[in-house]
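The structure appears right after this line, and notes come after that.
The values are calculated or read from the model by the stated rules, or taken from the named source; none is laboratory data. The shown structure was predicted, so the numbers you read here are calculated from the model rather than taken from an experiment. Here Cβ is always computed from backbone atoms with ideal geometry, including for glycine, and neighbour counts include all displayed protein chains.
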Amino acid sequence: MRVYVPLTLPGLAEAHKAGELGPAPLRAYTVTPALREWYVSDDIEELEYAALSRAAAASLRMIAEDAGAPRRRVVIAVDVPDKAVGATPGLDEATLGQVALDAAVRLSTAAAVHVDAGDAEEDVAAAAAALPAADAGDDDAQFTVDGAEDHELLWFGVQEIPGLLR
């Protein structure tokens, strides 16, 4: 099963140093029945993109919580056995597709690393700052948060992580 693990650049640096994503339980996003129903598509590529987007939104929240983190969203795509993925109860629309991994995952098994380009930093910073107001129902703030989603995450191989951390 392909899962998408949200991180920040400092989190990616820690994972790179440790050689694994963890500790468990580890929050990730994947194509769950609830996400499939919400997205209303049978196209697996579209559904996986939706799960990746959910992980990118979680990365944005992690960035908002870490004032020192560079303003670039990070998501790692990993293939794990189905039995390693546990459901996360009590989810709402904001956390559709969220699951928990019951063990740390070796970074060397990652399929890809997705990271914002440098030109997204300004919009990601604005989105991170606007999250509290958007969560409170401010439509202008939500527009700012949505602006980060206009930036596509770039694809990198695991071997490219050291270059991303410079």
Open item on the list: Any residue that is under 17 Å from L9 (Cα atoms), among the charged types (D, E, K, R) and in a helix (DSSP H, G or I) - is there at least one of those in the stretch 125-147?
Closed with: no
Note on the stretch 5-57: residues touching a strand residue (DSSP E or B) at 6+ places or on another chain (Cβ under 8 Å), polar (S, T, N, Q) and at pLDDT below 90 are T32
When restricted to A67, A58, A24, A100, the only residue touching a residue at least 24 places away in the same chain (Cβ under 8 Å) and either closer than 22 Å to A117 by Cα or of a type in the set (D, E) (or both) is A58
A careful count of residues in the stretch 12-58 that are part of a strand (DSSP E or B) and under 15 Å from the mean Cα position of the chain (by Cα) gives 5
Practice problem: Output yes when any residue across the stretch 120-127 is crowded, with 21+ Cβ neighbours inside 10 Å, at pLDDT 95 or above and out of contact with any His (no Cβ under 7 Å at 6 or more places or on another chain), and no when none is. | Solution: yes
Counting only residues in the stretch 16-34 that are small (G, A, S) and farther than 12 Å from V75 by Cα, the one surrounded by the fewest Cβ atoms within 10 Å (Cβ to Cβ) is identified as G19
Restricting attention to the stretch 128-143, the residues that are polar (S, T, N, Q) and crowded, with 19+ Cβ neighbours inside 10 Å number exactly 0
